[in-house]
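The structure appears below as structure tokens.
The values are calculated or read from the model by the stated rules, or taken from the named source; none is laboratory data. If you're wondering where the values come from, they're calculated on a predicted model, not measured in any experiment. Here the Cβ is made from the backbone with ideal geometry for all residues, glycine too, and neighbour counts use every protein chain on show. SASA here: full protein model, heavy atoms, side chains in, ligands and nucleic acids out. Shrake-Rupley method; radii C 1.70, N 1.55, O 1.52, S 1.80 Å.
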Amino acid sequence: MNYKLGEFVRFVNERREGFITRIIDENTIAVTDDDGFEIPVLASQVTRVHGKSDFTALEAIEDSTLKRPDQFISNGIFIGITDDKRVGSVVHFNLINASSFQILFTLNTERNQEFNGECSGQVNPGAMVHLYSASLNELDLWPKFNLQVLLHTSGKHEIKKPILFSEKFKAKDFSGTKKHDAILGKEAWMIQIDSEVPLIDPQKLKESFFRPSSEKIEIPNPGKEVDLHIEKIRDDHQFLKNSEILDIQLNHFKKNLDAAIVHKLQSIIFIHGTGNGTLRNEIHKIISKHPQVKTFMDAHKEKFGYGATEIVLK
């Protein structure tokens with residue numbers, strides 16, 4: 001079997017296709033389809049679909065390099081995690097080399113203290129390589145990642161210690177905002193694995209204790225409308241449980257309501273959607289007892305239906 005994780009395949013005897021998200025044994029793989037279901041199947045019962053994987057278009061530049069800068073860059077090794085535009089439940093892990101070093105790497109996964117070699121190779125400066133693909137629906141079952149990296153360059157340079165990155169990913173690891181990466185050519189959750197631990201500046205630490213009380217935190221004006229849909233608040237919403245989503249939405253609501261009061265706005269509209277009505281009901285509970293709320297009503301029914309609430313402030 002010569003299939004790799006992340007390859008896009010089609011079932012021979014069924015109208016089904018998806019990404020390889022697990023190598024079970026020498027003869028069996030697991031394929032995650034468009035509905036997010038991971039299906040074990042014999043490798044002989046699938047066939048490759050060339051040009052369909054998100055990362056296949058990038059494989060052509062794995063060994064290429066961007067224009068090298070005149071100045072030597074000693075740091076810049078990242079893991080870039082991208083979601084798939086075809087199958088939303090699949091993410092791809094990529095090793096990105098934005099440094100001036102040539103790197104050699106090996107990736108092993110660990111389950112129940114048993115290790116499995118996934119891939120190895122080299123990445124030139126300004127290039128990337130696909131490491132691994134996995135289904136978000138199986139997040140709790142993901143293995144621990146053990147990535148080892150050696151750095152090399154010709155000529156005179158400082159000696160860099162080998163990098164050992166070991167991580168058991170959890171949903172909270174994706175809480176940050178995606179950033180656009182020039183080497184990947186798309187947005188990704190970026191994890192730098194060669195960042196140096198910053199030293200504490202004693203002078204800045206001292207200044208922080210004696211900062212004048214007159215310095216005030218500036219609260220931004222929330223504007224006339226605030227959208228509470230979770231995809232507008234967090235990029236990692238697909239990793240969150242329903243209870244976590246509700247808490248985040250309510251915290252965002254309270255923060256912006258307080259900001260509206262600070263800026264003495266006459267009114268503000270919160271777009272909460274219809275859904276099952278839970279978020280709308282929780283918001284109405286809060287504002288019905290709020291001392292700074294004069295009244296509230298459904299906002300622009302012709303536009304939002306019952307999916308938005310306008311709050312008039314005192």
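In contact with a Pro (Cβ under 6 Å, 6 or more places away or on another chain) and crowded, with 17+ Cβ neighbours inside 10 Å: does that describe S89? No. Would you mind stating whether S100 is open to solvent by less than 30 Å² (accessible area, probe 1.4 Å) and out of contact with any Lys or Arg (no Cβ under 7 Å at 6 or more places or on another chain)? Criteria not met by S100. A count restricted to the stretch 216-233 and to residues that are assigned to a loop (DSSP other than H, G, I, E, B) and open to solvent by 70 Å² or more (accessible area, probe 1.4 Å) stands at 7. Against the conditions (1) modelled with pLDDT under 90; (2) under 21 Å from K4 (Cβ atoms); (3) not charged (D, E, K, R), L147 satisfies every one except (1).
Selection over the stretch 82-100 of residues that are more than 12 Å from G126 (Cβ to Cβ) and modelled with pLDDT of 90 or more gives a count of 3.
Only one of the listed residues (I283, I311, I271, I287) is in contact with an Asp or Glu (Cβ under 8 Å, 6 or more places away or on another chain) and surrounded by 16 or more Cβ atoms within 10 Å (Cβ to Cβ). That residue is I271. Would you point out the residue of the stretch 10-44, among those that are among the polar types (S, T, N, Q) and assigned to a loop (DSSP other than H, G, I, E, B), that is least open to solvent (accessible area, probe 1.4 Å)? It comes out as N27.
In the stretch 101-117, which residues are modelled with pLDDT under 90 and not in a strand (DSSP E or B)? Within the stretch 101-117, N112, Q113 meet the criteria.
Meeting the requirement of 1 or more residues that are in contact with a helix residue (DSSP H, G or I) (Cβ under 7 Å, 6 or more places away or on another chain) and within 29 Å of T177 (Cβ to Cβ), the helices (runs of 4 or more DSSP H) wholly within the stretch 234-314 are 242-262, 278-288. Between S166, S154, S120, the distinction of being open to solvent by 20 Å² or more (accessible area, probe 1.4 Å), over 18 Å from G6 (Cα atoms) and not in a loop (DSSP other than H, G, I, E, B) belongs to S166 only.
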